[in-house]
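A quick write-up on the structure given underneath.
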DNA sequence: ATGTCGATCGTCT
DNA sequence: GACGATCGACATT
């Protein structure tokens, strides 16, 4: 992989409908320039959370708290929150006061896999970044990145290649979200081993 | 391959 | 005080 193609997207990249962006992000790169080296993963699985009308979203009913505050900003900021002992990484989408986001659920290691393995030692390669809590650990993303601009270094999105085949289905881990359980807001690259399931 | 269960802690009520 | 947008271990089929 050629490092030179890794340029942060323009901020306007994030200004598209959330469902469209969740799909568009598949095949794009998540890039983190760390003191230990360049870490790059291809995004292979995402989920959209549509804010006020989506019972599964933290911002359902426009619930605005210290945690969800960043979701009410314009698109392109990082929303990182703690789930049990894990950090989950989201990209804020939608316009200001339209609290939507895309959760990154799986990435395929492209550059810096050795450092990722130091961050998160595993025996099976496919277990390194195949889940939202796994990939943040491997990529060195924690809550200190809350609110970071994802069109600037050191943590950013870079354009990649369009995937061959995309699958769409229900989101994972939201059994109590009533009608929202059935919403087809999950996107993944067909047959990629770094999809969480 | 699938299911259940416990860890563990910040956030919100 | 209750509750997870999870993970890993262990059990069972």
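Since every read-out is calculated from the coordinates, none of them should be taken as a lab result. What you see is a predicted model; the values in this text were computed from it and never measured. FYI the Cβ positions are ideal-geometry reconstructions off the backbone, even for glycines, and counts take in every protein chain you see.
Of note:
- Evaluating kT/(6 pi eta Rh) at 25 °C and 0.890 mPa s, with the Kirkwood radius of chain A over Cα pairs in the Stokes-Einstein relation, gives 149 µm² s⁻¹.
- Here is how the number arises for chain A: DSSP H runs of 4 or more residues each give -39500 (n - 2.57), the sum is divided by the residue count, and the result at 222 nm is -3000 deg cm²/dmol.
- Efficiency of FRET between residue A:34 and residue A:152 - r from beta-carbon atoms, R0 22 angstrom, step 0.05: 0.90
- Gyration tensor (alpha-carbon) shape descriptor, the range A:74-177, a/c threshold 1.5: rounded
- Exposure proxy order (Cβ contacts within 10 Å, fewest to most) of A:151, A:188: A:151, A:188
- Where a label projected 7 Å from the Cα of residue A:181 along Cα→Cβ would reach, residues of the range A:31-71 with amide N under 16 Å: A:55-57
- Residues listed by number, the range A:16-60, amide nitrogen under 18 Å from residue A:191 label point at 7 Å toward C-beta: A:27, A:44-45
- Separation of alpha-carbon centers, the range A:126-197 and the range A:78-105, rounded to whole Å: 10 Å
- Under a Gaussian network description of chain A, with springs only between Cα atoms under 10 Å, the residue in A:20, A:11, A:164 that fluctuates furthest is A:164.
- In this rough spin-label picture, where each label sits 7 Å from Cα along the Cβ direction, the residue A:66-residue A:168 distance is 3.9 nm.
- For the range A:1-116, the orientation-averaged shadow of the C-alpha convex hull comes to 7.8 nm² (one quarter of the hull surface).
- FRET efficiency estimate (nearest 0.05) - Cβ-Cβ, residue A:143 to residue A:122, R0 25 angstrom: 0.65
- Top of A:187, A:13, A:89 by mean-square fluctuation, Gaussian network on chain A, Cα under 10 Å: A:13
- Residues A:34, A:93, sorted so that the one with the fewest Cβ neighbours within 10 Å comes first: A:34, A:93
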